[in-house]
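Below is one structure, written out as structure tokens; the observations come after it.
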Amino acid sequence: MPDYQIAATFFSLSLAMMTLFQVLPGIRDCRALCFAMLQVSLIGYLLLPIAEASTENFWLIWLCTAFRNMIPTLFWMVCLLLFDDSFRLNRKTLAIPFFIIFSPAIGRIGAHLFSLDTSYIFSWLMFHLPQWLEFILIAHALMTVIRSMRDDLVESRRELRVWLLGSVGFYIAVVVTMEQFFNGGPPAFKLAQPVLLALFLFAFYGRLLKFRSGLLFAEAGLVQSPAPETALNNQTEQTQELTNVPEAEPSNLWIEKLKGMMEDQKLYRQEGITISDLAEAMDIQEYRLRQLINQQMGYRNFNDFLNGYRIQEACRRLVSQEDSQLPVLTIALDVGFRSLSAFNRAFKERTEKTPSQYRKERCPLSASRCP
């Protein structure tokens, strides 16, 4: 291995280890834990060529290889945990990552014990399918980074999305493609890969350190959604910047105007309404409206802000005598949802009940008259 590759590799190792120590105090948070595991996997990936060149220890090489194989799935989990506020790790969401990570090892054990290595179906299921699933997870992670950017109200998270995690995701996709289908890629790519990785990590971790107190890292790990009451107490200076009127005019006037437009004019009913549309209706700059909803009202996502009003109206209409005979779908479309499935999902997240269950429990009429 040339000297410049060794230097670039150890530089990347030092960055990964430094970031790992930064996040370790908060690993009780699942986002911090997944991010820490991603750093460990990256360290294994960086150590693999050194281990292969300097030792024949099977277990050390196998361990580094296992960590390397975990990178795409951990990257997927980190992206969704950071950028999709509705995503939660559970048995269903962990099923595919566990299959990708452990199926090659299970396949080798099964092939050795039961002589299944000659079976094409077994080989495809245990070795080739996980490779394709890695691409699917990486593509889904990058789609999540881009798709929800428009509705993201956390400015630092918007800045981090595409330019950093997007670029790292692109790098991972290129490396996985070269390793899985082109035997590591052309010689020039193999020679440049450690340097490219070092540059990517330097930019990525530098941005993380910039935002560690407000986005990813806090005293106890990764930061959760800002509480509205905390935001109201701690955003005095930012409040002055939220308005396009003299500083003496308090920002709560903008909040009252916003609430009035939502409650009186019911703008949330408009299908496909964006934060740009709302900013234009209020005659306020879009970035200032984002700050207002995020820092003063505690919302991290524009859709969550809209759905709060939509669900509130839906709850009233589900139990009112006037609308007792209306189908749930009609109410869902009236309040601004595009489909019944989206309405049911958002409604259950906030009330822990389906709309039908909510109506049956609270409808003042008889259950037989409450559809």
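When residue 211 is tested against (1) modelled with pLDDT of 55 or more; (2) within 30 Å of residue 336 (Cβ to Cβ); (3) buried (at least 17 other Cβ atoms within 10 Å of the Cβ), just one condition goes unmet, and that condition is (2).
Cβ-Cβ contacts under 6 Å between residues 6 or more apart (or on different chains), taken from a first residue in segment 156-175 that is more than 16 Å from residue 192 (Cα to Cα) and open to solvent by 40 Å² or more (accessible area, probe 1.4 Å) to a second residue that is of a type in the set (D, E, K, R) and modelled with pLDDT of 70 or more, are listed as 158/152. Filter segment 65-88 down to the residues that are of a type in the set (D, E, K, R) and outside any helix (DSSP H, G or I), then identify the one that is farthest from the chain's Cα centre (by Cα). Filtering first and then ranking leaves 88. For segment 47-66, the criterion of a residue being closer than 19 Å to residue 128 by Cα and of a type outside the set (Gly, Ala, Ser) is satisfied by at least one position. Listed conditions (1) assigned to a loop (DSSP other than H, G, I, E, B); (2) of a type in the set (S, T, N, Q); (3) open to solvent by 10 Å² or more (accessible area, probe 1.4 Å); (4) over 27 Å from residue 150 (Cβ atoms) are all met by residue 356, apart from (1).
When the criteria are applied in full, residue 336 meets the requirement of being part of a loop (DSSP other than H, G, I, E, B) and modelled with pLDDT of 90 or more. Tell me which of these residue 324 doesn't satisfy, since it passes every other one: (1) part of a loop (DSSP other than H, G, I, E, B); (2) without any contact (Cβ under 8 Å) to a residue 12 or more places away in the chain; (3) of a type in the set (S, T, N, Q). Unmet condition: (2).
Hey, among 349, 313, which residue is within 22 Å of residue 154 (Cβ to Cβ), assigned to a helix (DSSP H, G or I) and either at pLDDT 90 or above or open to solvent by 40 Å² or more (accessible area, probe 1.4 Å) (or both)? So that I can check it myself, show each step before the final result.
Working: 313 fails: within 22 Å of residue 154 (Cβ to Cβ).
After applying the criteria, what remains is 349.
When residue 319 is tested against (1) β-branched (Val, Ile, Thr); (2) open to solvent by 20 Å² or more (accessible area, probe 1.4 Å); (3) touching a residue at least 60 places away in the same chain (Cβ under 8 Å), just one condition goes unmet, and that condition is (3).
The values are calculated or read from the model by the stated rules, or taken from the named source; none is laboratory data. Here the structure is a predicted model, which means the values were calculated and not measured. All Cβ positions, glycine included, derive from the backbone under ideal geometry; neighbour counts span all protein chains shown. All accessible areas refer to the heavy atoms of the entire protein, side chains included, with ligands and DNA or RNA removed. Shrake-Rupley method; radii C 1.70, N 1.55, O 1.52, S 1.80 Å.
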